[in-house]
Amino acid sequence: MALSPPRERKHSKLIPLLSIFFSLWIILLLLSFPSPSSPPPPPTSQCPQDMPKFYIYNLPSNFNDHLLHHCDSLNIYTNMCPYVSNEGLGRQLSGKSSSWFVTHQFLAEMVFHARALRHPCRTLDPTSANLFHVPFYAGLYASSHFRTANLTLRDELAVTFSDYLTRQPHWHRHHGRDHFIVIGRTAWDFMRNDDSTADFGANRLLLLPEIKNMTVLTVERQPWAGRNQYGIPYPSYFHPRNRSELTSWQELVRKSNRTHLFSFVGGSRPASNQMAAVRGEILKQCNASAQCLQVECEAGSSRCYEPDRVLNVMMKAEFCLQPPGDSFTRRSVFDSILAGCVPVFFSEHTAYTQYKWYMPNRTQDWSVFLGSDQWIRIEEELGKIPKIQIQQMRIQIIDLIPSMTYAHPDVVHGDEVGFRDAVDVALVELNRLVWSGRKPV
């Protein structure tokens, strides 16, 4: 019988060894880099008495993590891959501390979820929970289907999500009234009226009966029909890890040299957009005034998305103009608060009817409102405000920074680092809202 050549026998013996080696290597990789869908264990620190214990649903991945696998197609205007990194904080901003990131304005749902996963009030026992957080990344799904003409397909994941909830045992305890969802886009993107001839790419998530039973936290609520909708801040660029970082920034803002009366970061809108009609007037007056600083946002330009450029302009101005744009609200409102710049509003729905959990009721203490009869003389109207009054408003604005900020997800809890962030505020208010007049389980 002929024998195999010695070289071939040697290779055949190596094959099983190589197979074992590569198998062990793959296992080590998996252990070193756990799946992003695997939630971190809840922290061991104490949950404050005024905050609820909450349970986070471990949803099927098609409602959140799986969407991120297609990050380049999550937004019809922007490649979202750089922005969904770092659990939604985006890439770290070079030249600053490790708490500054290029955070996208429409990622509150991811940022909130990451913070909630490590919150001391999170419980792994649903029977002990007072609230249930359902982390559906509805905003990312919606923006990926704005141009989907087939309405059934556009609504498909929203309907599937609603059906999923009704099959969960904890849903039936209170028919969803103790459940909440966080949405990083405006409520308008989820309230399509099929009777209307206008179609802006929205789906019908917030009009589904089951979702109407939940509490919806959104960066912009529908002012007239958003009965179960509550405004939360747009995420800005600063995500402090401790009180020291926060107070250092507040002190820097407090000492900032305000060389100009007012500023505007934004662009024009079509003449047909009546809601944003004041923008043309703002641009005209700003261009004509030596007292105005401006970052004009042009189509395709990244100027208005560069944190250093935006904040440097705002920190040199006493007032920051905040007109409506494509919708009532703007991330720029929260950028201006972060910069200690007093916001000037032209519609009550840009902030006053939106963020009642976060902003003081006496709006004149921290902001300026200009009615339509004042739009033609913005510099004159702002120039009438006494310096001492501006200083007092700035004190209020700087004091608001902690509660308007989303702390870094690594922060265990606000009480331990000396401040409560936007997530902490929402949890306290949710607990009051859901259990007002009812006894928690």
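Can you find a residue that is touching a Gly at 6+ places or on another chain (Cβ under 6 Å), open to solvent by 60 Å² or more (accessible area, probe 1.4 Å) and in a helix (DSSP H, G or I) anywhere in the range 227-246? Spell out the reasoning first.
Narrowing the range 227-246 to residues touching a Gly at 6+ places or on another chain (Cβ under 6 Å): 243.
Pick out the ones that are also open to solvent by 60 Å² or more (accessible area, probe 1.4 Å) and you get 243.
Narrowing further to those that are in a helix (DSSP H, G or I): 243.
For the range 227-246, residues touching a Gly at 6+ places or on another chain (Cβ under 6 Å), open to solvent by 60 Å² or more (accessible area, probe 1.4 Å) and in a helix (DSSP H, G or I): present.
I'd like the full set of residues that are assigned to a helix (DSSP H, G or I), among the hydrophobic types (A, V, I, L, M, F, W, C) and open to solvent by less than 10 Å² (accessible area, probe 1.4 Å), limited to the range 67-109.
Of all residues in the range 67-109, those assigned to a helix (DSSP H, G or I) come to 67-68, 71-73, 81-84, 86-88, 108-109.
This time we only want the ones that are among the hydrophobic types (A, V, I, L, M, F, W, C), so: 67-68, 71, 81, 84, 108.
The answer is Ala108, and nothing else.
Please go through (1) open to solvent by 10 Å² or more (accessible area, probe 1.4 Å); (2) free of Cβ contacts under 8 Å to residues at least 40 places away in the same chain; (3) over 21 Å from Glu281 (Cβ atoms) for Arg331 and return the number of the only condition it doesn't satisfy.
If we test Arg331 against (1) open to solvent by 10 Å² or more (accessible area, probe 1.4 Å); (2) free of Cβ contacts under 8 Å to residues at least 40 places away in the same chain; (3) over 21 Å from Glu281 (Cβ atoms), just (2) comes out false.
Note down all Cβ pairs under 9 Å where the first residue falls in the range 397-410 and is among the acidic types (Asp, Glu), the second is assigned to a loop (DSSP other than H, G, I, E, B), and they're at least six residues apart or on different chains.
Correct list of pairs: Asp399/Trp366; Asp410/Arg118; Asp410/Arg241.
Do you know which of the residues in the range 171-193 that are open to solvent by 30 Å² or more (accessible area, probe 1.4 Å) and not in a helix (DSSP H, G or I) is nearest to Leu430 (Cα to Cα)?
Within the range 171-193, the first condition is being open to solvent by 30 Å² or more (accessible area, probe 1.4 Å), and the residues that meet it are 172-175, 177, 188, 191, 193.
Among the residues that remain, those that are also not in a helix (DSSP H, G or I) are: 175, 177, 191, 193.
Values: His175: 16, Arg177: 11, Met191: 22, Asn193: 28 Å.
This residue is Arg177.
Go through (1) modelled with pLDDT of 95 or more; (2) farther than 21 Å from Ser347 by Cβ one by one and return the number of the condition Phe319 breaks.
All conditions pass for Phe319, except number (2).
Just checking, how many residues over the range 357-384 are open to solvent by 80 Å² or more (accessible area, probe 1.4 Å), farther than 18 Å from Met275 by Cβ and either in contact with a Ser or Thr (Cβ under 6 Å, 6 or more places away or on another chain) or not in a helix (DSSP H, G or I) (or both)?
3
Scanning for something in contact (Cβ under 8 Å) with a residue 12 or more places away in the chain, open to solvent by less than 80 Å² (accessible area, probe 1.4 Å) and touching a strand residue (DSSP E or B) at 6+ places or on another chain (Cβ under 9 Å), does the range 412-421 turn up at least one residue?
no
Would you check which residues across the range 197-212 are open to solvent by 40 Å² or more (accessible area, probe 1.4 Å) and either modelled with pLDDT under 95 or in a loop (DSSP other than H, G, I, E, B) (or both) and list them? Explain how you work it out, then say what you get.
Our first condition is that a residue be open to solvent by 40 Å² or more (accessible area, probe 1.4 Å); within the range 197-212, this holds for 197-200, 204, 207, 209-210, 212.
Hits for the range 197-212 are Thr197, Ala198, Asp199, Phe200, Arg204.
Does any residue of the range 167-180 turn out to be under 16 Å from Gln222 (Cβ atoms) and in contact (Cβ under 8 Å) with a residue 60 or more places away in the chain? Before you say what the answer is, go through the steps one by one.
Going through the range 167-180, the residues under 16 Å from Gln222 (Cβ atoms) turn out to be none.
No, because not a single residue in the range 167-180 is under 16 Å from Gln222 (Cβ atoms) and in contact (Cβ under 8 Å) with a residue 60 or more places away in the chain.
Could you please find all residues in the range 287-309 being open to solvent by less than 30 Å² (accessible area, probe 1.4 Å) and modelled with pLDDT under 95?
Applying the first criterion (open to solvent by less than 30 Å² (accessible area, probe 1.4 Å)) to the range 287-309 yields 289, 292, 295, 304, 307.
Selection gives Val295, Cys304, Pro307.
Among (1) at pLDDT below 95; (2) within 27 Å of Asp373 (Cβ to Cβ), which single condition is Arg241 missing?
Exception for Arg241: condition (2).
Can you name the helices (runs of 4 or more DSSP H) wholly within the range 248-356 that have at least 1 residues being under 17 Å from Gln391 (Cα atoms)?
Values: elements: 278-288, 307-314, 332-338.
Counting at least 1 such residues, we get 307-314, 332-338.
Kindly indicate the residue of the range 119-145 that is small (Gly, Ala, Ser) and not in a helix (DSSP H, G or I) and also farthest from Trp435 (Cα to Cα) among those meeting that condition. Reasoning before the result, please.
As a first pass, look at the range 119-145 and keep what is small (Gly, Ala, Ser): 128-129, 138-139, 142-144.
With not in a helix (DSSP H, G or I) added as a condition, the list becomes 129, 144.
Details: Ala129: 12, Ser144: 36 Å.
Out of the qualifying residues, it is Ser144.
One line per residue, one yes/no per condition, for (1) surrounded by fewer than 22 Cβ atoms within 10 Å (Cβ to Cβ); (2) at pLDDT below 95; (3) hydroxyl-bearing (Ser, Thr, Tyr):
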residue: Pro120; (1), (2), (3): yes, yes, no
residue: Thr123; (1), (2), (3): yes, no, yes
residue: Pro135; (1), (2), (3): no, no, no
residue: Glu156; (1), (2), (3): yes, no, no
residue: Val159; (1), (2), (3): yes, no, no
residue: Ser162; (1), (2), (3): yes, no, yes
residue: Arg167; (1), (2), (3): yes, no, no
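The values are calculated or read from the model by the stated rules, or taken from the named source; none is laboratory data. What you see is a predicted model, and the numbers here were worked out from it, not measured in a lab. Here the Cβ is made from the backbone with ideal geometry for all residues, glycine too, and neighbour counts use every protein chain on show. For accessibility, only protein heavy atoms count, side chains too; no ligands or nucleic acids. Shrake-Rupley method; radii C 1.70, N 1.55, O 1.52, S 1.80 Å.
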